[in-house]
Amino acid sequence: LVVPTHVVRHIANELATSLKPGSLIINASKGIENSSLCTIRQILEQALPDTCDLATLSGPTFAFEVAREIPSAIVAAAETYIQADRIQKIFSCSYLKVFTSNDPIGVELGGALKNVIAIATGISDGLQVGNNARAALITRGLAEITRIGIALGARAETFAGLSGLGDLVLTCTGELSRNREVGLRIGRGEKVASIIKSMNNVAEGVLTVKSAYALKS
């Protein structure tokens, strides 16, 4: 399941009547629903039958590079390592190393909240305030992400791994990052509405920043 967060609930409701018992639903979207402050896993728990197995795939992976078989690493997260190992077997190949985790909430929050920090670092770079400021934003951003995660039941060590620090660094510095691009353009003086209108893809951080602010408050 790889759709923008704001339509996940609708898609899940549409899928619910068609799924067989024991279906494995793997989420690869990264966001937090504005209205409910639910992670995508929580949305799926509410919308899909109890018989479904839920898991998350997240980490520092631009799809553009994975599709071109450029070496990458990602995390498969589920409630149990048995489920996570199942996903690892499905996706592991010569160019994609799949690690496992039994902290799905931590993996999801790392993937969602890093987009907010990526917009901030993009703004910093757009304003040309220097490498020091970017490093500070990434580091303090990780600290805030970790605090929110712990408060919501995640494990601190998850945010030091691929789905936390790894994804944060990639999204804050990578040229293919949509969220960093949004920040860059804001920093150069463009309006958010016009930036979104001109983009062919969704920058999840634009909506996630509202959820992050609500969670922080």
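The values are calculated or read from the model by the stated rules, or taken from the named source; none is laboratory data. Bear in mind the structure is a predicted one, so any value in this text is a computation, not a measurement. Methodologically, a virtual Cβ is constructed for each residue, glycine included, from the backbone with ideal geometry; neighbour enumeration extends over all protein chains shown. These area figures cover heavy atoms from the full protein model, side chains too; ligands, DNA and RNA do not enter into them. Shrake-Rupley method; radii C 1.70, N 1.55, O 1.52, S 1.80 Å.
Return the residues of segment 62-104 that are in contact with an Asp or Glu (Cβ under 8 Å, 6 or more places away or on another chain) and touching a residue at least 60 places away in the same chain (Cβ under 8 Å); say none if nothing qualifies. Across segment 62-104, the qualifying residues are A77, P104.
Restricted to segment 102-113, and to residues there that are aliphatic (A, V, I, L, M) and buried (at least 24 other Cβ atoms within 10 Å of the Cβ), the residue that is nearest to the chain's Cα centre (by Cα) is A112. Apart from one condition, R9 fits all of (1) farther than 30 Å from A160 by Cβ; (2) among the basic types (K, R); (3) crowded, with 19+ Cβ neighbours inside 10 Å; the exception is (3). Candidates A154, A214, A193: the one that is more than 23 Å from C38 (Cα to Cα) and either among the small types (G, A, S) or touching a helix residue (DSSP H, G or I) at 6+ places or on another chain (Cβ under 9 Å) (or both) is A193. Just to be sure before I move on: is S211 in a helix (DSSP H, G or I), free of Cβ contacts under 8 Å to residues at least 12 places away in the same chain and open to solvent by less than 60 Å² (accessible area, probe 1.4 Å) in the structure I sent? So S211 fails the test. Within segment 36-51, the residues that satisfy the criterion of being at pLDDT 95 or above and open to solvent by less than 60 Å² (accessible area, probe 1.4 Å) are S36, L37, C38, T39, I40, R41, I43, L44, A47, L48.
Taking segment 179-204 as the range and being modelled with pLDDT under 95 and within 18 Å of A28 (Cα to Cα) as the test, the residues that pass are N201, V202, A203, E204. Out of all the residues in segment 55-100, which are of a type in the set (D, E), assigned to a helix (DSSP H, G or I) and open to solvent by 60 Å² or more (accessible area, probe 1.4 Å)? Selection gives E65 alone.
Residues in segment 115-129: is at least one part of a helix (DSSP H, G or I), closer than 28 Å to Y81 by Cα and in contact (Cβ under 8 Å) with a residue 24 or more places away in the chain? Checked segment 115-129: at least one residue is part of a helix (DSSP H, G or I), closer than 28 Å to Y81 by Cα and in contact (Cβ under 8 Å) with a residue 24 or more places away in the chain. Looking across segment 144-188, the residues that are touching a residue at least 40 places away in the same chain (Cβ under 8 Å) and part of a loop (DSSP other than H, G, I, E, B) come down to L152, G153, A154, R155, G161, G174, L176, S177, R188. For segment 170-205, residues that are surrounded by fewer than 17 Cβ atoms within 10 Å (Cβ to Cβ) and of a type in the set (A, V, I, L, M) total 5.
Residue count for segment 3-29 satisfying the condition of being touching a residue at least 60 places away in the same chain (Cβ under 8 Å) and assigned to a strand (DSSP E or B): 3.
Which of the following residues is in contact with a Cys (Cβ under 9 Å, 6 or more places away or on another chain), in contact (Cβ under 8 Å) with a residue 12 or more places away in the chain and under 19 Å from V116 (Cα atoms): I32, I40?
From the options I32, I40, the qualifying one is I32.
Checking the condition within 13 Å of the chain's Cα centre (by Cα) and of a type outside the set (G, A, S), which residue from V66, V98, V129, V116 passes?
Criteria check complete, one pass: V116.
Candidates are the residues of segment 16-35 that are among the small types (G, A, S) and surrounded by fewer than 20 Cβ atoms within 10 Å (Cβ to Cβ); the one that is nearest to S217 (Cα to Cα) is S35.
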